[in-house]
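We did not get these values from a lab; they are worked out from the coordinates using the rules stated. A quick note: this is a predicted structure, and the numbers were derived from the prediction, not measured. Using ideal geometry, Cβ is built from the backbone for each residue, glycine included, and neighbour counts are taken over all protein chains shown.
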Amino acid sequence: MSLLHFSPPFRAEHVGSLLRPSTLLEKRAQFDANACSAEELEQAENIAIAAAVKLQQAIGIQSITDGEMRRGAFYEGVFEKFIGMDNTIRPIETFKVYLPYVQFFIAMGLSHVPSIYCTGKIQWPQGGVYVKDFAYLKSLIPSGDVKHIKVTICGPTWMHLRHGSDHTYDTQVYQSDAAYFTDLTKAYKEEIRALYALGCRSIQFDDPTFAFLCADSTIEGMKAAGMEWEKLFDTYISVYNDILRERPSDLTVGLHTCRGNYKGLHYCEGGYDRIAQKLFNTLDVDSFYLEYDSERAGGLEPLKFLPPNKVAVLGLVTTKNGKLETVAELHDAVDEAAELIMQGSPRRSRASARNQICISPQCGFASVAEGNPVSEEEQRAKLALVVEAAKSIFG
């Protein structure tokens, strides 16, 4: 059994994305309209990232991200950069209708949605996916803090959950999910290897996949479609474990289970009860970033299944709106979580249970570039609250 990984994660954590400044949003709009060059957009991104780093440092957030300033959405920059992938506009019929956010697209009247389709053998691109981005971020901070940089990456199962075996890849290229995931796994491993060589010691996978399996509507829809959700659940866990097999012992890996974070909206509801025991005990990550900012996330009871060698980062502060929580509220939630973790197998002391807990906002502030309906001042206040609460609770 592996040991608990800390520093990272830190007692005061955050999920990664930050509000984009208006100057960057304007520059990206210009770029999309062919009114500025890629170099000009990159310069605006660099300025925004430098400001994001200063914000995190000033507040006392130790896990440093680039705020996802170079992305239009959290999942950008992985699949479409792998060789063999085609970023295109997909008919709504190629998405799985039982997924809550697909229902949202349908309700909006959308007939086509941008997505990724595999048209050739998947390979890691020379030069990597986030390697250049990491190098720039690395240049902005003291050398001793490079190990605190957290790279956020869309999970490997996301496109497959969206489209299923019939619309994720060309069957002339891959004849089975196993073949598709074998090459996708290799590409992810190459990216992680390259980032590690540059000094990356913290990776966070962002993946709504597992949270969507908490939604009754998803399970009911899968059953109606003749799908075995538990078999798919096992497949997705195996994909992650294959990617992370033989990873360096000093590389900390976390998983953020996202219920949707689109301009203040969420896509699904449901507690972790259905998936917690298997997810917590068989997925080979060090920490779980869990959303607990509202009743839609269910109760804390599934934390009883958290094994002694893993960390729960409790997302107790919402990024959906600007209403500020209190230190007392966060303190009470941590106490309740510790009580439940103590009851796990094996049973453990209160001190040991508390030692498995960190706190954070429930999601990023801008999973899409437009961001949530939160001001920059409210974003700063919420991040500062997490730091203040962590000091109060954990010392």
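Could the peptides 167-173, 28-34, 338-344 be put in order, highest first, of the mean number of other beta-carbon atoms found within 10 Å of their residues?
The packing order, highest mean first, is 338-344, 167-173, 28-34.
Inter-label distance, I83 to D166: 3.2 nm, where each label sits 7 Å from its Cα along the C-beta direction. Summary value for the range 22-394: 15 percent relative contact order, contacts being C-alpha pairs under 8 angstrom separated by 6+ residues. Structure note, pairs K186/K231; K132/K189; K27/K54; K121/K186: Cα-Cα distances above 19 angstrom occur for K186/K231; K27/K54. Calculated on C-alpha atoms, the gyration radius of the chain divided by its Kirkwood radius gives an Rg/Rh of 0.94. In terms of other Cβ atoms within 10 Å, S367, S115 run from fewest to most in the order S115, S367. Each Lys and Arg contributes +1 and each Asp and Glu -1, all at the Cβ; summed about the Cα centre of the chain, the dipole is approximately 760 debye. Selection among G84, G128, L19 by position relative to the dipole of the chain gives G128 as farthest towards the positive end (Cβ unit charges, Cα centre).
Between L290, P307, Y262, the Cα set farthest toward the positive side of the dipole of the range 248-339 (charges on each charged residue's Cβ, about the Cα centre) is that of Y262.
The string of couplings for the range 230-241 from the Karplus curve (6.51, -1.76, 1.60, θ = phi - 60°) is 5, 5, 5, 4, 4, 4, 5, 4, 4, 4, 4, 5 Hz, one whole number per residue in order, with x for Gly and Pro. Using the Karplus relation 6.51 cos²θ - 1.76 cosθ + 1.60 with θ = phi - 60°, the per-residue 3J(HN,Hα) values for the range 126-136 come to 4, x, x, 9, 10, 4, 5, 4, 5, 4, 5 Hz, with x marking Gly and Pro. Dividing the helix sum by the residues of the chain, where each DSSP H run of 4 or more adds -39500 (n - 2.57), gives a mean residue ellipticity at 222 nm of -12500 deg cm²/dmol.
Taking θ as phi - 60° and the Karplus parameters 6.51, -1.76 and 1.60, the scalar couplings of the range 292-302 work out to 9, 9, 7, 5, 4, 8, x, x, 7, 3, x Hz in sequence order, x denoting glycine and proline. Restricting attention to the range 259-374, the count of lysine pairs at 8 or more positions apart or across chains with alpha carbons under 17 Å apart stands at 4.
Which net charge results for the neighbourhood of L137, defined as the other residues with beta-carbon distances under 15 angstrom from its beta-carbon, given Lys and Arg at +1 and Asp and Glu at -1? Taking every other residue near L137 into account, the sum is +2. Annotation: amide H-H contacts under 5 Å for T152 (H modelled 1.01 Å from N, sequence separation of 5 or more, or interchain): Q204. Seen from L110, the other residues with C-beta closer than 13 Å to its C-beta sum to a net charge of 0, counting Lys and Arg as +1 and Asp and Glu as -1. A straight line joining the Cα centroids of the range 244-306 and the range 1-60 runs 23 Å. When the Gaussian network model of the chain links Cα atoms closer than 10 Å, the mean-square fluctuations of A381, A35, A12 top out at A35. With 0.36 nm allotted per residue and the present C-alpha distance subtracted, the Q30-N241 stretch has 71.8 nm of extension available.
Taking 7 Å steps out from each Cα toward its Cβ at S349 and Y262 produces label points 4.8 nm apart.
Count the DSSP beta bridges whose two residues both fall in the range 22-394, then state the antiparallel fraction as a percent rounded to the nearest 5.
Details: 10 of 36 bridges.
Percentage antiparallel, nearest 5: 30.
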